[in-house]
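Just so you know, all these numbers are worked out from the coordinates, no wet-lab data involved. Keep in mind that this is a model prediction, so the values were computed, not measured. Cβ placement follows ideal geometry from the backbone for every residue including glycine, while neighbour counts extend to all protein chains displayed.
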Amino acid sequence: MPVEPVVQSVPALFEPIAQLSPAAFDLPFREGYVRSTIFVSLYVSVIAVTLSTLVSIPIAILMGFIEFPGKRFVKSVINTGMGFPSVVVGLLVLFAVSNQGPLGSLNLIFTREAMIMSQFVLATPPITAISLAAITGVDDGVRDAARVLGGTRIAVALVVLKEARYGIATAVLAGFGRAISEVGSVLIVGGNITSAAGISKTRTLTTAIQLEARQGQYETAMVLGAVLVALVLTVNAVVIRLGDSGVGR
Amino acid sequence: MSIHRRRFVAALGAGAVASTAGCAQLGQGQSGDGSGGAGVAGETLTLTTTTSTYDTGLLDAIHTDFEEMYGVTVDAVAQGTGAALESARNGDSDVVMVHARGLEDEFLRNGYGVNRRDLMFNDFVIIGPEDDPAGIQGMSSATDALTAIADAEAAFVSRGDNSGTHTKELNLWEAAGTDPGGDWYQETGTGMGEALNIANQQGAYTLSDRGTFISQRSEIDLTILVQGPIEGGPEILANPYGVMAVNPGVHDNANYDLAMAYIGWITSPGVQNSISEYQVNGEQLFFPEAVSEDPDFQQYVPEGWSSDNSDA
């Protein structure tokens with residue numbers, strides 16, 4: 001299956017399913033529905049993961065280079081966060097952004113911004129933990145060599161970061177994977193809204209799948225599932241290719 | 001990456017500006033600026049509703065008209081009756097459209113809702129496998145049918161999600177004097193469509209609203225065993241939908257102007273007609289109830305309320 005333009009690959013995805021069940025092929029989606037749903041999925045996940053990365057990497061660097069009391073405790077908190085149930089995060093964000101909550105005056109309930117908040121909370125622990133593992137996993141010899149060559153602390157850190165870049169890319173991808181495949185919290189705080197014309201406002205691929213399954217439309221749910229998998233594969237391929245071209249430089 | 005971040009910040013800023021603008025407009029509205037639709041243009045109405053109105057496609061079919069008439073956006077959040085009312089209770093929606101009169105009345109009595117109107121109705125039907133192990137086919141009493149299912153310990157799928165349908169089911173069990181339990185009674189915690197699929201796979205009985213059953217009938221082997229009032233069945237299976245605005249006296253951020261415009265629009269003869277014309281698989285799903293020569297005053301207040309008794 002070609003991985004390039006996701007939207008164009010939708011008809012191709014339909015074909016095998018259309019053979020199984022012609023009825024499913026007759027009721028595909030309204031114009032712009034799949035595209036806007038993909039857009040919302042990407043918009044929310046990419047922004048959330050970007051913000052998570054901006055927070056996580058500095059934390060991982062600090063923890064990777066500085067010893068401080070309670071470090072093991074902080075580490076175990078982060079590791080626990082990796083397994084934090086998304087529905088619970090959704091509920092916490094809901095309480096925060098609901099009209100009655102501390103952020104109620106910002107009117108964030110049922111918006112993409114609220115979805116970004118919950119995905120930020122979900123994506124940050126895995127990105128931090130995996131980045132930290134990548135940084136601490138860099139061979140001590142590399143650090144020593146950089147130090148011996150007279151590097152400042154910052155220069156040593158940059159060398160270590162360069163060595164750890166694949167691990168960090170994996171961390172970001174893991175965070176992205178968690179964000180884009182997550183359904184519980186975005187459903188609660190986003191509300192799974194489209195316009196009357198079928199253009200997504202807060203409907204992601206995952207919540208669209210949930211909606212189809214709720215209605216017993218398992219074929220269309222499968223089609224959307226295939227789109228989601230194709231999307232994740234594409235993003236992974238792009239990031240890995242970026243990483244490879246980085247080596248060439 | 002920085003572009004995305006900027007866009008996010010911009011979006012947050014825009015949200016803040018929009019919310020401030022909303023307040024300013026509300027202020028103008030209160031000072032008697034009666035310039036019609038122009039005052040609400042660009043605003044968003046948040047409607048929390050049940051899965052049955054949304055999943056049948058009714059709302060998408062009719063909302064375009066409202067959006068064009070007022071130049072606004074309707075955000076319909078399909079949650080199930082219990083959750084829809086809870087969102088409204090928290091001030092997270094402007095108007096609710098649900099189908100559980102008992103829960104609606106509680107919502108009104110607690111002061112969260114105002115200006116309730118009867119909107120439309122359809123009915124519930126008891127669905128089951130064609131071989132009908134409990135022998136309920138054609139029974140004229142829904143409670144007798146449930147009692148027969150319980151006596152036969154035939155598999156029954158319950159929504160178990162505090163939705164309007166689930167509330168109705170529990171009321172029926174109570175009316176039947178049976179406390180369902182045991183392996184044959186399964187709470188799924190899912191929407192109607194999924195519950196129908198589960199019942200289908202297990203050859204189980206379930207209670208469904210007629211609309212969802214019709215929209216899914218072609219994909220499942222279950223059949224209607226006890227009809228609702230639309231097809232001459234017992235009145236207890238009636239499924240009336242109500243619509244009401246969130247009380248701006250409790251939640252001052254509620255978009256009350258637009259909520260009332262919505263209620264006025266959806267209970268108007270034209271839209272009531274559109275509701276009756278909405279069909280899935282060639283069948284009418286909802287029957288309008290708002291327009292009448294002889295309005296039922298009980299639609300405006302909690303059922304049984306009267307100005308004479310003091311428990312307002």
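Between the helical axis of B:256-266 and the longest alpha-carbon principal axis of chain B there is an angle of about 50 degrees. Applying 1/(1 + (r/R0)^6) with R0 = 25 Å to the Cβ-Cβ distance of residue A:140 and residue A:244, what FRET efficiency is obtained, to the nearest 0.05? Here the calculated transfer efficiency is 0.40. Only the Cβ atoms of Lys and Arg (+1) and of Asp and Glu (-1) were treated as charged; on that basis the dipole of chain A about its Cα centre amounts to roughly 640 debye.
Projecting the Cα positions of A:238, A:37, A:190 onto the charge dipole of segment A:9-248 (unit charges on Cβ atoms of Lys, Arg, Asp and Glu, taken about the Cα centre) puts A:190 furthest along the positive direction. Mind checking which of A:41, A:185, A:76 has the largest fluctuation in a GNM of chain A, springs on alpha carbons under 10 Å? Its mean-square fluctuation being the largest, the pick is A:76. In this Cβ point-charge picture (+1 for Lys and Arg, -1 for Asp and Glu), segment B:123-238 has a dipole of about 260 debye about its Cα centre. Compactness of segment B:123-238 was expressed as the Cα radius of gyration divided by 2.2 N^0.38 Å, which yields 0.92.
In this structure, residue A:165 and residue B:174 have a Cβ-Cβ separation that, at R0 = 51 Å, corresponds to a calculated FRET efficiency of about 0.20. The calculated P(r) of segment B:38-197, using every Cα pair and 10 Å bins from 0, goes 10, 33, 30, 17, 8, 2, 0 in percent. Note on chain A: GNM, Cα springs under 10 Å; of A:70, A:90, A:32, the largest mean-square fluctuation is that of A:70. The modelled label-to-label distance between residue B:260 and residue B:287, using points 7 Å beyond Cα along the C-beta direction, is 3.2 nm.
List the relative contact order of segment A:9-248 as a percent without decimals, with contacts defined as Cα pairs under 8 Å and 6+ residues apart. For segment A:9-248, the relative contact order is 28 percent.
Considering helices alone, the calculated mean residue ellipticity of chain B at 222 nm is -12500 deg cm²/dmol, with DSSP H runs of length four and up weighted by -39500 (n - 2.57) and normalised per residue. For chain B, what is the relative contact order in percent, using Cα pairs closer than 8 Å and at least 6 residues apart in sequence? Once divided by the residue count of chain B, the mean separation gives 24 percent.
Axis of helix B:192-202 versus longest Cα principal axis of chain B: the two differ by about 20°, to the nearest ten degrees. Computed about the Cα centre, the dipole magnitude for segment A:99-204 is approximately 220 debye when only Lys and Arg (+1) and Asp and Glu (-1) carry charge, each at its Cβ. On the basis of the beta-carbon distance and an R0 of 35 Å, residue A:237 and residue A:30 show a calculated FRET efficiency of 0.75.
DSSP finds beta bridges in chain B, and of those with both partners inside it, around 60 percent are antiparallel. In whole angstrom, how far apart do the alpha carbon centroids of segment A:68-138 and segment B:274-296 sit? First find each Cα centre; the distance between them is then 46 Å. Taking GluC sites (Glu not before Pro) across segment B:257-312, the ones in a DSSP loop with at most 15 further Cβ atoms lying within 10 angstrom of their Cβ are B:293, B:303. Restricting the GluC sites (Glu not before Pro) of segment B:110-204 to loop positions (DSSP other than H, G, I, E, B) with no more than 15 neighbouring Cβ atoms within 10 Å leaves B:130, B:153. Taking the charge dipole of segment B:123-238 about its Cα centre, with +1 at Lys and Arg Cβ atoms and -1 at Asp and Glu Cβ atoms, the residue from B:223, B:146, B:213 reaching farthest to the positive side is B:213.
Shown for chain A are the DSSP H helices of 27 Å or more along their axis, judged by Cα atoms, with a mean Kyte-Doolittle hydropathy of at least 1.0: A:33-65, A:112-136, A:218-248. Identify, among A:177, A:199, A:225, the residue whose Cα sits farthest towards the positive end of the charge dipole of chain A, taking +1 on the Cβ of Lys and Arg and -1 on the Cβ of Asp and Glu, with the dipole about the Cα centre. Most positive-ward Cα: A:177. Under a Gaussian network description of chain A, with springs only between Cα atoms under 10 Å, the residue in A:194, A:152, A:37 that fluctuates furthest is A:152.
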